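The values are calculated or read from the model by the stated rules, or taken from the named source; none is laboratory data. Note that the structure is a prediction, hence the values are computed from the model and not measured. For neighbour counting, all protein chains shown are included, and Cβ atoms are generated from backbone atoms with ideal geometry for every residue, glycine included. Quick note on the areas: whole protein, heavy atoms, side chains included, nothing else; ligands and nucleic acids left out. Shrake-Rupley method; radii C 1.70, N 1.55, O 1.52, S 1.80 Å.
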Amino acid sequence: MRVSLSRPVALICPHCGHAFQADVWVVVHAAERPDLVVDNG
Ligand SMILES: [Zn+2]
């Protein structure tokens, strides 16, 4: 089942005010995208 979902969002830097776009992961399914899961072990 495809669960992981990313979407581009427009962001504005709170420091200098410049606009940029970034992909934000809305949902991350660990089994589908293990590369996105941080292993703290
Ligand atoms: Zn900035």
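Brief remarks follow.
- Pair list, Cβ under 9 Å, 6 or more apart: region 1-22 residue within 29 Å of PRO34 (Cα to Cα), other residue within 16 Å of the ligand (Cβ to nearest atom) and polar (S, T, N, Q): PRO8/GLN21; VAL9/GLN21; ALA10/GLN21; LEU11/GLN21
- Breaking point among (1) part of a loop (DSSP other than H, G, I, E, B); (2) within 16 Å of the ligand (Cβ to nearest atom); (3) open to solvent by less than 80 Å² (accessible area, probe 1.4 Å); (4) not small (Gly, Ala, Ser), for CYS16: (3)
- Scanning region 21-41 for residues that are open to solvent by 90 Å² or more (accessible area, probe 1.4 Å) and either touching a His at 6+ places or on another chain (Cβ under 7 Å) or within 16 Å of the ligand (Cβ to nearest atom) (or both) returns a single hit, GLN21.
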